[in-house]
1. Beyond 26 Å, what share of the Cα-Cα pairs of the chain is found? Please give it as a whole percent.
2. Rg and Dmax of region 1-52 over Cα atoms: what are they, in angstrom?
3. About the Cα centre of region 27-72, how large is the charge dipole given +1 on each Lys and Arg Cβ and -1 on each Asp and Glu Cβ? Please answer in debye to the nearest 20.
4. Out of residues 5 or more away from THR67 or on other chains, whose amide H comes under 5 Å of its own, with H placed 1.01 Å from N in the peptide plane?
5. Would you mind computing, in nm to one decimal, how far apart the modelled labels at ARG85 and GLU66 are, each placed 7 Å from Cα along Cα→Cβ?
6. Calculate what fraction, in whole %, of the accessible area of the chain sits on carbon and sulfur atoms when a 1.4 Å probe is rolled over the protein chains.
7. Put +1 on the Cβ of every Lys and Arg and -1 on every Asp and Glu Cβ in the chain; which of ILE33, LEU6, CYS73 then has its Cα farthest towards the positive end of the dipole?
8. Pairwise over distinct Cα atoms, reciprocal of the mean inverse distance: report the Kirkwood radius of region 57-113 in Å, one decimal place.
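The values are calculated or read from the model by the stated rules, or taken from the named source; none is laboratory data. Values in this document were obtained by computation on a predicted structure and should not be read as measured data. Every residue, glycine among them, receives a Cβ derived from its backbone with ideal geometry; neighbour counts consider all protein chains shown. For the accessible areas, the whole protein counts, side chains as well, though only heavy atoms, and no ligand, DNA or RNA atoms are used. Shrake-Rupley method; radii C 1.70, N 1.55, O 1.52, S 1.80 Å.
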Amino acid sequence: MHEMSLCEGIVQVLEDQAEAQRYTRVKQVWLEIGTLAGVEIEAMRFSFDVVTRGTLAEHAQLHIIETPGQGWCPPCAKTISISQRHDPCPDCGSYQIQVTGGDEMRIKELEVE
Ligand SMILES: [Zn+2]
């Protein structure tokens, strides 16, 4: 389950930021996760609870914002929305789609004290 290591990465960022921005506790975290990022939302929530135990983000509320997948279709020469990696273009059926969005994960906002 790679969500566990993703969450460890998040806690690492939170701890680094805590030093720079002088906060001691994280109350809420807003995470943006692309539909194509290969992240299981439920596994993410579970991992977050486990990984944050005993850290500055213990009991922090996790909000997950899912961002849609986007790709560029060369035959159509336009941006299309895709729900899965390797999906064909809904207009022309081409498989040459280049993913241009929705495959990232980032911390969007934090509430700290
Ligand atoms: Zn197309």
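1. Details: 2038 of 6328 pairs.
Summing the P(r) of the chain above 26 Å gives 32 percent of all pairs.
2. So, for region 1-52, Rg and Dmax equal 11.7, 34 Å respectively.
3. 140
4. It is ILE33, GLY34, THR35, by chain and number.
5. If labels sit at ARG85 and GLU66, their model points lie 1.7 nm apart.
6. 46
7. Projecting each Cα onto the dipole axis, the largest value belongs to CYS73.
8. One decimal place: 13.3 Å for the Kirkwood radius.
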